[in-house]
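The values are calculated or read from the model by the stated rules, or taken from the named source; none is laboratory data. What you are looking at is a predicted structure, and each value in this text was computed from that prediction instead of being measured. Methodologically, a virtual Cβ is constructed for each residue, glycine included, from the backbone with ideal geometry; neighbour enumeration extends over all protein chains shown. The area values use the complete protein model at the heavy-atom level, side chains included, leaving out ligands, DNA and RNA. Shrake-Rupley method; radii C 1.70, N 1.55, O 1.52, S 1.80 Å.
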Amino acid sequence: MSTAVTTKNIPIARPSFSSQEERAVVEVLRSGWVSQGPRVAEFERRFAEYVGAAQGVAVSSCTTALHLALLAAGIKPGDEVLCPSLSFIATANSIAYAGATPVFVDIDRFTYNMDPASIERSITPRTRAILVVHQIGLPSPLAEICDVASSHDLIVIEDAACAIGSEYKGRRIGLPHTSMACFSFHPRKILTTGEGGMITTADDELAARLRKLRQHSMTVSDLARHSSSQVVMESYDEVGYNYRMTDLQAAIGLAQLERLDEMLAGRRRLASRYSKRLSQFEWLAPPLESADCHHNFQSYMVQLKSNAPITRDRLMQELLNRGVSTRRGVMAIHREPPYRHEKWNNRLPQTNVVADTTIILPLFHTMTEEEVNYVIECLDQINILVAN
């Protein structure tokens, strides 16, 4: 297979910052309060308001958000938590951090989300919770999953790392459809603070416990102590964690939140351009968007059909030869050494297929239609090349 001359350099993703974020960071630096403080509290309020939740709890990452959510839900050593293998490894790691055992559930081959029937088959007497992932921003079938959970008295927590701005049955993810939803603000995500995460919930008591756990289980927050007109002595009555977000990060998050709807609209427009053109490829399947969901297109992932004239890895290399960066679709956690076991290969047939046949194409807020067209042109070139 020949190698084309690189004419462009298109990354898989690129965070979008404006003068708003720059001004926000400078203001925090000049304030002298750069750790967790008033900006974090404001970001929590504004984020919760955006998704429709009663409470938002800011933390240092989505991984720490998931860990705290599981702890606050009472997950403990010896428990089992159901989750997909088709996810970033942090999903399973957070369960392991809580001392519990991740039990992998197969997915729907075309939505990439957990299959409710597979969930039902995976429940044992040790199962305590279901950790649902809204993969690449497409909401999972929460109604069906919550029905299964309710019939077995299980807790449902959402790994909404990719799902900011996505909607399920007309309501934004994070307006608690479940006990808690956990978001990521990593640079690959639509809204970024560099690193960072958020937990949303309707339960005020859960939120109070989460805020305590994220700060070494300190009985009084830094903000409350420093704002008090009287001397306050804090105590630490259980083991806690340093999972705090800084005011520097929160200031960026607040500015990003103001631009979020604009960024979402831009991604959806570009994704529509991709889907319209790629649907004409006989061997590529564009992402699905079911009638009851509104996809945020945090990533644009396509699947190679069984009649594809090229392997996924060779396609990625041919695109890279032309200056187009890609990523494998989503990893299969059960193939990684910490979680590898022969039993999973038979239990996760759809996960295995999707892990081997999907590819993420470039998509970011500042991407132009010209750049999208170039990616499509490269796929056209490769299509002609492998057909001959």
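The table that follows gives values for the structure above.
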{"read-out": "Among (1) in a loop (DSSP other than H, G, I, E, B); (2) modelled with pLDDT of 95 or more; (3) crowded, with 19+ Cβ neighbours inside 10 Å, the one test that residue 153 misses", "value": "(3)"}
{"read-out": "Every residue from the stretch 6-39 that is in contact with an Asp or Glu (Cβ under 8 Å, 6 or more places away or on another chain) and under 13 Å from residue 254 (Cα atoms)", "value": "20, 28, 38, 39"}
{"read-out": "Count of the stretch 328-372 residues which are without any contact (Cβ under 8 Å) to a residue 12 or more places away in the chain and not in a helix (DSSP H, G or I)", "value": "3"}
{"read-out": "Filtered residues of the stretch 75-97 (kept if surrounded by 24 or more Cβ atoms within 10 Å (Cβ to Cβ), assigned to a loop (DSSP other than H, G, I, E, B) and not β-branched (Val, Ile, Thr))", "value": "85, 87"}
{"read-out": "Exclusive hit being under 24 Å from residue 46 (Cβ atoms), of a type in the set (Val, Ile, Thr) and touching a Ser or Thr at 6+ places or on another chain (Cβ under 9 Å), set 157, 136, 145", "value": "157"}
{"read-out": "Top-ranked residue in the stretch 114-140 [being under 25 Å from residue 328 (Cβ atoms) and in a loop (DSSP other than H, G, I, E, B); ranked as most open to solvent (accessible area, probe 1.4 Å)]", "value": "115"}
{"read-out": "Some residue of the stretch 87-109 being touching a Cys at 6+ places or on another chain (Cβ under 8 Å), in contact (Cβ under 8 Å) with a residue 24 or more places away in the chain, closer than 20 Å to residue 179 by Cβ and of a type outside the set (A, V, I, L, M)", "value": "yes"}
{"read-out": "Qualifying residue in the stretch 337-357 (condition: over 30 Å from residue 105 (Cα atoms), in contact with a Ser or Thr (Cβ under 9 Å, 6 or more places away or on another chain) and of a type in the set (A, V, I, L, M, F, W, C))", "value": "no"}
{"read-out": "Test: residue in the stretch 256-269 that is open to solvent by 20 Å² or more (accessible area, probe 1.4 Å) and under 23 Å from residue 325 (Cβ atoms)", "value": "yes"}
{"read-out": "Yes/no for residue 37 being of a type outside the set (S, T, N, Q), at pLDDT below 95 and open to solvent by less than 10 Å² (accessible area, probe 1.4 Å)", "value": "yes"}
{"read-out": "Residue in the stretch 212-232 that is modelled with the lowest pLDDT, counting only those that are open to solvent by 70 Å² or more (accessible area, probe 1.4 Å) and within 23 Å of residue 253 (Cβ to Cβ)", "value": "226"}
{"read-out": "Residue within the stretch 158-179 that is surrounded by fewer than 23 Cβ atoms within 10 Å (Cβ to Cβ), free of Cβ contacts under 8 Å to residues at least 40 places away in the same chain and touching a Leu at 6+ places or on another chain (Cβ under 9 Å) present", "value": "yes"}
{"read-out": "Any hit, the stretch 319-330, residues being touching a Gly at 6+ places or on another chain (Cβ under 7 Å) and within 25 Å of residue 265 (Cα to Cα)", "value": "no"}
{"read-out": "Unique residue being open to solvent by 30 Å² or more (accessible area, probe 1.4 Å) and among the hydroxyl-bearing types (Ser, Thr, Tyr) when the list is 325, 306, 299", "value": "306"}
{"read-out": "Count of the stretch 340-388 residues which are of a type in the set (Val, Ile, Thr), in contact with a Pro (Cβ under 7 Å, 6 or more places away or on another chain) and open to solvent by 70 Å² or more (accessible area, probe 1.4 Å)", "value": "0"}
